[in-house]
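Asks: Please find one structure pasted underneath; my questions will follow.
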Amino acid sequence: MRFAHLTALLLTAGAGFSLHAQADTDIRVTYAGSMGKVMDQSLGPAFAKQNNGTYEGQGQGAYGMARLLASKKITADVFVSITPGPMQILKDAGLIDDAIPVASTSMVVAYSPKGKYAQQFAQANGSDASWLKVLATPGIKFGRTDPINDPKGQNIIFTLLLAEKYYQQPGIADKIMGGYQNPAQTHLEGGLLTRLESGQVDAAAGYESEVISAHLPYVALPDEINLSNPAMAKQWYDTVSFSVKDSAGKDKVLHTQPLVYYAAVLKNAPHGAAAGKAFVDFMLSQPGQALFKQNGYAAPKGGSIYP
């Protein structure tokens, strides 16, 4: 789990006024692990500086973090998740009333620029099955996250299942993955791209936003399989599903959800609901959205999960 403690510098007199100039605003944000850079290096410090307070970030797989929050093993003012699924855990626990979209992204396949498959990936593109065939090369090291604890671990499976249908390549998803919960491929969310950069894996499942933030090359995929377009959910994305064993050993059927980032203020926020709302408002503000864009994120799509 990543913990970033960043204390903002006091604004000098006359340099400007924050939205909460009457009082310093401290904030603790728990987020999907793929958001580490945008949260800990952009949004968090900018908010803290504007509000004369401190920012604390904690990130890992969104489902895992949601369960920790729901069990009150950790606390936060704001939770930011990819897809609605992790938010439902907090809703069921009575910790949130609403969750609103703040950004969006799409699934991509990132690859090591120095790896032996770099040239093949560079020549591949999402318009045909060439990238799938590279991923299916015997001996290639493909990294992804655990589908039980991390939405990205689920989303790459959905992407590969959709790709089978879209490119008419039956069986290639299993050939690439070696099973949905293959331990040889699954890694913790926070370290996956680091493993790619160090050459421990040749390619990795990623969100376009985090891959752009990390300045890594990637294969962009069409909307039909990248899960970015909510308009395609019912007619296309929802045609695939799969089941995994949960932590209790029970079968759990998983279904697609478009790749939208949602934010919610928790009812047990350690710094109070006002601080949480101020951070969500900042993410949706013009400066906040500009920071998202600089880090490779697209604009929010759709509406509130619980209107």
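The values are calculated or read from the model by the stated rules, or taken from the named source; none is laboratory data. What you see is a predicted model; the values in this text were computed from it and never measured. Every residue, glycine among them, receives a Cβ derived from its backbone with ideal geometry; neighbour counts consider all protein chains shown. Just the protein is used for accessible areas: all its heavy atoms, side chains included, with ligands, DNA and RNA removed. Shrake-Rupley method; radii C 1.70, N 1.55, O 1.52, S 1.80 Å.
Asks: Restricting attention to the stretch 79-89, which residues are surrounded by fewer than 23 Cβ atoms within 10 Å (Cβ to Cβ) and at pLDDT 95 or above?
Replies: Residues satisfying the conditions are Q88, I89.
Asks: Being crowded, with 16+ Cβ neighbours inside 10 Å, outside any loop (DSSP other than H, G, I, E, B) and touching a His at 6+ places or on another chain (Cβ under 7 Å): is that true of A278 here?
Replies: Answer is yes for this residue.
Asks: Considering only the stretch 137-156, state which residues are over 15 Å from the mean Cα position of the chain (by Cα), among the hydrophobic types (A, V, I, L, M, F, W, C) and crowded, with 19+ Cβ neighbours inside 10 Å.
Replies: Scanning the stretch 137-156 gives a single hit, F142.
Asks: Pairs needed: first member in the stretch 31-60, over 15 Å from M283 (Cα atoms) and open to solvent by 10 Å² or more (accessible area, probe 1.4 Å); second member anywhere, polar (S, T, N, Q) and outside any helix (DSSP H, G or I); C-beta distance under 6 Å; at least 6 residues apart or different chains.
Replies: T54/T7
Asks: Looking at K267, is it in a helix (DSSP H, G or I) and either over 21 Å from the mean Cα position of the chain (by Cα) or under 29 Å from V78 (Cβ atoms) (or both)?
Replies: In short, no.
Asks: For the stretch 281-307, give me each residue that is in a loop (DSSP other than H, G, I, E, B), of a type in the set (F, W, Y) and either buried (at least 16 other Cβ atoms within 10 Å of the Cβ) or touching a Cys at 6+ places or on another chain (Cβ under 8 Å) (or both).
Replies: Correct list: Y297 only.
Asks: Tell me, which residue of the stretch 250-268 that is out of contact with any helix residue (DSSP H, G or I) (no Cβ under 8 Å at 6 or more places or on another chain) and either of a type in the set (D, E) or farther than 12 Å from Q181 by Cβ (or both) is modelled with the highest pLDDT?
Replies: Looking at residues that are out of contact with any helix residue (DSSP H, G or I) (no Cβ under 8 Å at 6 or more places or on another chain) and either of a type in the set (D, E) or farther than 12 Å from Q181 by Cβ (or both), I get N268.
Asks: Name every residue in the stretch 53-72 that is of a type in the set (F, W, Y) and under 17 Å from the mean Cα position of the chain (by Cα), in order of residue number.
Replies: Result: Y63, single match.
Asks: Regarding the stretch 11-27, can at least one residue be identified that is closer than 25 Å to S228 by Cα, at pLDDT 95 or above and surrounded by 15 or more Cβ atoms within 10 Å (Cβ to Cβ)?
Replies: Within the stretch 11-27 (the criterion being closer than 25 Å to S228 by Cα, at pLDDT 95 or above and surrounded by 15 or more Cβ atoms within 10 Å (Cβ to Cβ)), the answer is no, since none of the residues qualifies.
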